[in-house]
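Here the structure is laid out as structure tokens; the discussion comes afterwards.
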2 protein chains.
Amino acid sequence: MSFSTELIKGTLRTIILKLLSDHGKLYGYELTQKAKEMTGGKIQITEGALYPTLHALEREGLLVTEVEYIGKRVRKYYYLSESGSAASSQKISELQDFINTIGLLLDLKTFTV
Amino acid sequence: MSFSTELIKGTLRTIILKLLSDHGKLYGYELTQKAKEMTGGKIQITEGALYPTLHALEREGLLVTEVEYIGKRVRKYYYLSESGSAASSQKISELQDFINTIGLLLDLKTFTV
DNA sequence: AAAGATACATAAGTTTTCGAGGTATCAAAT
DNA sequence: ATTTGATACCTCGAAAACTTATGTATCTTT
């Protein structure tokens, strides 16, 4: 990712969950592209971070998968399970809360829409 | 710290630098109290995280120290060096930028004052 | 006299991420 | 025809940051 990257640590799971809750069903590579595109290239999820995280979320039951073939190429779609949807909302509000809290220290005014 | 704490990772240095740039001169314990007080207890810097970070920042030349005795008790004040001030501004805008970027993904509107 | 707050510090272990490497398909350009 | 670049999955060793626990000591309040 292309911030002075230590900042992004800890937000990856939430970003993934949020993207999936907005778009329903996405495959790994697509997630990296969506994040990149939505942030003007500022957040680039690396594959070395992405795949282990997706596997962990699946192992924990928050995500379920569906494999599709495009020609001979595998494409593994991820989407939220029921508990994943709950976790997703919870994680997202937590991140919003966190951003507001950090804002207090940085003299930012943050508004949640 | 008392968020679901992985979120806070990566922000500690910036928080320290910002607090020092606002208050001029603070000692370790005071930093933990300021952060706690400014965020309604939501950000609690642990000492295990704080001291190694302060030492690292000092080693890197961003912070300088000044020891004071309150009775027999040592108090070690930290303040920004010249390069620390520069680093501080830079880190702070980076964190602001990051917050705005994350906001894009989370549908937040954040305004920098 | 004990408990709780102030004040410094280290250290082992965990978690998260990075960076590099690996395999393979498909499309476009040379 | 073949090379390059994009698409698409994946793993693994190493580094970084933080947590939890532990240690020492002083001062204040009960």
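The values are calculated or read from the model by the stated rules, or taken from the named source; none is laboratory data. From a predicted model like this one, the values you see are computed outputs, not experimental measurements. In this analysis, Cβ positions are derived from the backbone assuming ideal geometry, glycine residues included, and neighbour counts consider all displayed protein chains. Side chains are part of the model used for accessible areas, which takes the heavy atoms of the whole protein and leaves out ligands, DNA and RNA. Shrake-Rupley method; radii C 1.70, N 1.55, O 1.52, S 1.80 Å.
Worth a mention:
- Acute angle (nearest 10 degrees) that the helix B:82-106 long axis makes with the longest principal axis of chain B, alpha-carbon atoms: 30 degrees
- Violating pairs (Cα-Cα greater than 26 angstrom) within the set B:LYS9/B:LYS76; A:LYS76/B:LYS91; A:LYS18/A:LYS42: A:LYS76/B:LYS91
- Partner aspartates and glutamates for B:LYS25 [C-alpha distance under 13 Å; skip if fewer than 8 residues away on the same chain]: B:GLU66, B:GLU68
- Distance from the Cα centroid of segment A:50-113 to that of segment B:10-45 is 29 Å (rounded to whole angstrom).
- Summed buried accessible surface, chains A and B, 1.4 Å probe, nearest 100 Å²: 3700 Å²
- Surface exposure of segment B:5-106, expressed per residue as accessible area with a 1.4 Å probe, stands at 48 Å².
- Cα-based helix-to-principal-axis angle, A:12-23 vs chain A, degrees rounded to 10: 70 degrees
- Overall form of segment A:28-85: oblate. Here a/c, set by the Cα gyration tensor axes a ≥ b ≥ c, is 1.5 or more, and a/b is not larger than b/c.
- Student exercise, segment B:5-106 dipole from Lys, Arg, Asp, Glu Cβ charges, in Debye to nearest 20: 320 debye
- Surrounding net charge for A:GLU58, when Lys and Arg each add one and Asp and Glu each subtract one, Cβ distance under 13 Å: +1
- Solvent-accessible area, 1.4 Å probe, carbon plus sulfur percent, for the protein assembly as shown: 51 percent
- Qualifying trypsin sites (Lys or Arg not before Pro) for segment B:68-113 [loop in DSSP, other Cβ within 10 Å: at most 16]: B:LYS72
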